[in-house]
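Single-structure report; data block below.
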Amino acid sequence: MMDVTATVLNNAREYGDYWRLRVKIPAHYAVRPGQFAMIRPSAQWEPILRRAMVFYRVEHRVHALEAEFIYRVMGRGTRQLAQLRSGDRLDVLGPLGNGFTIGERPAVGRDVALVSGGIGIPALYLLAAELCQRGFVPRLFHGDRTSDAERGLICVDDFYALLGRDHVLCATEDGSYGQRGVVTDLLESALQSGAWRPVALYACGPEPMMKRVAQLALQFHIPAELSLEAAMACGFGVCLACVQRVRLDGRITYVRVCCEGPVFRAEDIVWEEPVVDRSPVGGMRNGAR
Amino acid sequence: MIDLSVDIAGIHFKNPVLAASGTFGYGLEFAELIDLNRLGGFCTKGLSIEPLEGNPPPRIVETHGGMLNSIGLQNIGVRAFVEQKLPHLRKYNTRVIANVFGFSPEEYVDVVRVLNDGDGVAAYELNISCPNVKKGGMEIGNDPNEAARLTEAVKRVAHRPVIVKLSPHARSIAEVARAVEAAGADALSVMNTILGMSVDIYTRRPRLGTVMGGLSGPAIKPIAVRMVFEAARAVSIPVIGIGGIVTAQDALEFIIAGASAIQVGTANYADPGVTIKIIDGLTAYCRQQNIAQIRTLIGTIRC
Ligand SMILES: Cc1cc2nc3c(=O)[nH]c(=O)nc-3n(C[C@H](O)[C@H](O)[C@H](O)COP(=O)(O)OP(=O)(O)OC[C@H]3O[C@@H](n4cnc5c(N)ncnc54)[C@H](O)[C@@H]3O)c2cc1C
Ligand SMILES: Cc1cc2nc3c(=O)[nH]c(=O)nc-3n(C[C@H](O)[C@H](O)[C@H](O)COP(=O)(O)O)c2cc1C
Ligand code: FES
């Protein structure tokens, strides 16, 4: 973990509220799939907290890292990120969190399920790439509310290039791209077909999606890892804001999403009572991501 | 050479910049990010006699100029601190202040007894001002008599100087400050967070799991400067200023208003290196103002 001043290489709207930020980080560190950074425009104290962003893609250069973040403009912090121009400075604290774990490839079966909703998708790209490298065959199930007439769905083109078109299945709630409906229905029918038996499942998305994914993983006996979100102040373990209830050594306890997470085994997660959110854009609880 | 050192309660600090309790973990978390040896010192997360689980999430809400928190004093317990953290902290040349919390005066005393055996603790800071727990905390801090009784009880057993951390919610900060001084406190920390609340208009629920929480950050700084000013005028023991400090300029306001040292809280989250920048900023200010020793600046406000 280190805090460095990065330089914005490029920051542009993809479509709608989705943006892509490319930065040059003058440091060398390895980033595991699912790890994140806490970022803010340099020396900016308002809003007071940095924002957590998962590393979408990382390239190692001679004296630096080039990293990409994908973000959805929601509130004050992300609106401010959208103001950044090429050459601007950005404080990047990372890499943070545990990241996903990839097990040994079993003798039979190399299929893996990746499931994302909305702005959850960037958490899965580095993972998909590493799974491919290790000889697994990942299939991405991705859902969103709607799509863009020109650009389709966020990040999906990158996944087409990585996995092949037939290994990316999409759903939109308004039916404008892929199948109409929610992504977990896509996943469920794929699992029910019986022809495809993933040896592992990884997911990142809004809470209702994650709960359903956890149920399906249990029902079909697939080991699953879910990347959760929580309101964070520090991102590196000192404020104790980001706690999640989990089963640990036979008891139920709070652990820090920023350190012991953000990735948890599905069976360890103790879900809190749902909160009905009528917000027009969707708040944290019903899934900004 | 500019001398930033200050003496508080008989302890020598190499500079007046400390990290505030609850924002610096147990110190070790920061070792990877900054040179701990440069810090004047830091306060640990509040330590209780038994480990505490803390409050249900969400535990923080960002606000304009700050944040609300309702962590609820989640901590590993004082024994685990002494056994697991303290041995590693002894490697660093900085002052470790143990922040102490209890649900009753007896529990504060018990925690201090355990800490007495811990090698490497410079002082105790009694948190009698936490807004996030039902019993203890603020209840004690708001009542001059209770605050004095607790201070006295702890002083009887403490092997190290006792700093009492006051609440902004007391009817009169000067009154509590005087009561605690009379009871034997070696120094005061002013102040803890201010109770606040935030509402989600779509769910119509409070944004914090516990409904209310403590406000910290730049938004509270003017209130904190005023409290430090009032407390410093009321007592002759040193006052440590806390509340919304982000820059050296902020720190200097407190020092001029009467603080012998300052603590940096919420700013550590946004910038883990902020304490070092403040130390450098104090040196730069002293050089520019021809101040050889920063201690000569303490309480020099003209009014
Ligand atoms: C591990 C992790 C990885 C993340 N990765 C990404 C990513 O790659 N792309 C992306 O767009 N977003 C990501 N998020 C969410 C992101 O950090 C922001 O919190 C979110 O975009 C809202 O910030 P805002 O400034 O738009 O909203 P505001 O309403 O201004 O946020 C106010 C406060 O609430 C917190 N908050 C609000 N919504 C969320 C949320 N959904 N999750 C956590 N905290 C929230 C903010 O961090 C901030 O402290 C991630 C969150 C976590 C925990
Ligand atoms: C998340 C959080 C946790 C805190 N925990 C403690 C604590 O355990 N004990 C304590 O005395 N103060 C605690 N505080 C209060 C701070 O030490 C400090 O008094 C307060 O935040 C005001 O300073 P600031 O504006 O610089 O943050 C906490 C503050 C925050 C934001
Ligand atoms: S965000 Fe501070 S402990 Fe996790």
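Every listed requirement among (1) within 14 Å of ligand 2 (Cβ to nearest atom); (2) buried (at least 20 other Cβ atoms within 10 Å of the Cβ); (3) closer than 25 Å to B:ILE34 by Cα is met by B:LEU282 save one, (1).
Look through region B:265-294, keep the residues that are more than 16 Å from ligand 3 (Cβ to nearest atom) and under 22 Å from A:LEU93 (Cβ atoms), and return whichever of them is farthest from the other protein chains (Cβ to nearest Cβ). Result: B:ILE279.
Any residue that is open to solvent by less than 30 Å² (accessible area, probe 1.4 Å), away from every other protein chain (no Cβ under 11 Å) and at pLDDT 95 or above - is there at least one of those in region A:277-289? No, region A:277-289 has no match at all. Residues in region A:1-53 that are within 14 Å of another protein chain (Cβ to nearest Cβ), out of contact with any helix residue (DSSP H, G or I) (no Cβ under 9 Å at 6 or more places or on another chain) and of a type in the set (Val, Ile, Thr): A:VAL4, A:THR5.
Considering (1) within 14 Å of ligand 2 (Cβ to nearest atom); (2) surrounded by fewer than 18 Cβ atoms within 10 Å (Cβ to Cβ), the lone condition that B:GLY273 does not fulfil carries the number (1). Evaluating B:ASP7 against the criteria (1) closer than 25 Å to A:GLY235 by Cα; (2) more than 14 Å from chain A (Cβ to nearest Cβ) leaves one unmet condition, (1). So which residues in region A:231-251 are away from ligand 3 (no atom under 16 Å from the Cβ) and within 12 Å of chain B (Cβ to nearest Cβ), if there are any at all? Listed by number, the list holds a single entry, A:ARG251. Would you be able to tell me the number of residues in region A:110-169 that are open to solvent by 20 Å² or more (accessible area, probe 1.4 Å), touching a residue at least 12 places away in the same chain (Cβ under 8 Å), hydrophobic (A, V, I, L, M, F, W, C) and in a helix (DSSP H, G or I)? Total satisfying the criteria: 5.
Residues being of a type outside the set (Ser, Thr, Tyr), open to solvent by 20 Å² or more (accessible area, probe 1.4 Å), in a helix (DSSP H, G or I) and within 17 Å of B:GLY118 (Cβ to Cβ) are entirely absent from region B:65-77. Residue pairs whose Cβ atoms lie under 8 Å apart, sitting 6 or more positions apart in sequence or on different chains, and linking a residue in region A:74-88 that is more than 10 Å from ligand 1 (Cβ to nearest atom) to a partner that is assigned to a loop (DSSP other than H, G, I, E, B), are A:ASP88/A:SER42.
Residues in region B:50-64 that are assigned to a loop (DSSP other than H, G, I, E, B) and at the interface with chain A (Cβ under 7 Å from one of its Cβ atoms) were compared, and the one that is surrounded by the fewest Cβ atoms within 10 Å (Cβ to Cβ) is B:GLU53.
Residues that are open to solvent by 50 Å² or more (accessible area, probe 1.4 Å) and farther than 20 Å from B:ALA179 by Cβ: does region B:120-130 have at least one? No: region B:120-130 contains no residue that is open to solvent by 50 Å² or more (accessible area, probe 1.4 Å) and farther than 20 Å from B:ALA179 by Cβ. Inspect region A:74-81 for any residue being assigned to a strand (DSSP E or B) and not acidic (Asp, Glu) and give the result as yes or no. Scanning region A:74-81, I find no residue that is assigned to a strand (DSSP E or B) and not acidic (Asp, Glu), so the answer is no. Only one entry of B:LEU115, B:LEU86, B:LEU33 meets the criterion of being open to solvent by 10 Å² or more (accessible area, probe 1.4 Å) and over 17 Å from the mean Cα position of the chain (by Cα), and that entry is B:LEU33. Per the conditions (1) modelled with pLDDT of 95 or more; (2) within 14 Å of another protein chain (Cβ to nearest Cβ), the sole criterion not satisfied by A:GLU66 is (2).
Taking region B:34-49 as the search range and keeping residues that are assigned to a loop (DSSP other than H, G, I, E, B) and within 14 Å of chain A (Cβ to nearest Cβ), which one is farthest from B:THR275 (Cα to Cα)? Before the answer, list the steps.
Kept after step one, since they are assigned to a loop (DSSP other than H, G, I, E, B), are these residues of region B:34-49: B:34-35, B:39-40, B:44-46, B:48-49.
From the residues that got through so far, the ones that are within 14 Å of chain A (Cβ to nearest Cβ) too are B:34-35, B:44-46, B:48.
Numbers: B:ILE34: 9, B:ASP35: 10, B:THR44: 15, B:LYS45: 17, B:GLY46: 20, B:SER48: 26 Å.
Here the residue is B:SER48.
Restricting to region A:236-252, and then to whatever is more than 13 Å from ligand 2 (Cβ to nearest atom) and open to solvent by less than 20 Å² (accessible area, probe 1.4 Å), can you tell me which residue is nearest to A:ASN98 (Cα to Cα)? Steps first, answer last, please.
We begin by selecting, within region A:236-252, every residue more than 13 Å from ligand 2 (Cβ to nearest atom); these are A:236, A:244-252.
Applying the additional criterion that residues be open to solvent by less than 20 Å² (accessible area, probe 1.4 Å) yields A:236, A:246.
On the way: A:PHE236: 11, A:VAL246: 15 Å.
Per the stated criteria, the residue is A:PHE236.
The residues in region A:191-230 that are surrounded by fewer than 21 Cβ atoms within 10 Å (Cβ to Cβ) and within 16 Å of ligand 3 (Cβ to nearest atom) can be counted, and the count is 2.
Give me the residue from region B:17-33 that is in a loop (DSSP other than H, G, I, E, B) and of a type in the set (Phe, Trp, Tyr) and, out of that set, nearest to the other protein chains (Cβ to nearest Cβ).
Step one: of region B:17-33, the residues in a loop (DSSP other than H, G, I, E, B) are B:20-27, B:31-33.
If we keep only those that are of a type in the set (Phe, Trp, Tyr) as well, we get B:24, B:26.
Values: B:PHE24: 6, B:TYR26: 9 Å.
Once the filter is applied, the top-ranked residue is B:PHE24.
Only one residue in A:PRO95, A:PRO106 is open to solvent by 10 Å² or more (accessible area, probe 1.4 Å) and closer than 26 Å to A:GLU66 by Cα, so which one is that? Step through it out loud before you land on a result.
Working: A:PRO106 fails: closer than 26 Å to A:GLU66 by Cα.
Checking each option against the conditions leaves just A:PRO95.
The requirement of being aromatic (Phe, Trp, Tyr), over 23 Å from B:GLN288 (Cα atoms) and touching a residue at least 24 places away in the same chain (Cβ under 8 Å) is satisfied by B:PHE42. Selection of region B:201-220 for residues being away from ligand 3 (no atom under 16 Å from the Cβ) and open to solvent by less than 30 Å² (accessible area, probe 1.4 Å) yields B:THR203, B:ILE220. Counting just the residues of region B:95-108 that are touching a helix residue (DSSP H, G or I) at 6+ places or on another chain (Cβ under 8 Å) and crowded, with 20+ Cβ neighbours inside 10 Å, which one comes out farthest from the other protein chains (Cβ to nearest Cβ)? Among those residues, the one meeting the criterion is B:TYR108.
The values are calculated or read from the model by the stated rules, or taken from the named source; none is laboratory data. Please read all numbers here as calculations on a predicted model, not as lab measurements. Heads up, the Cβs are rebuilt from the backbone with ideal geometry, glycines too, and the neighbour counts pull from every protein chain shown. When the accessible area is computed, the model is the full protein with side chains, heavy atoms only, and any ligands, DNA or RNA have been set aside. Shrake-Rupley method; radii C 1.70, N 1.55, O 1.52, S 1.80 Å.
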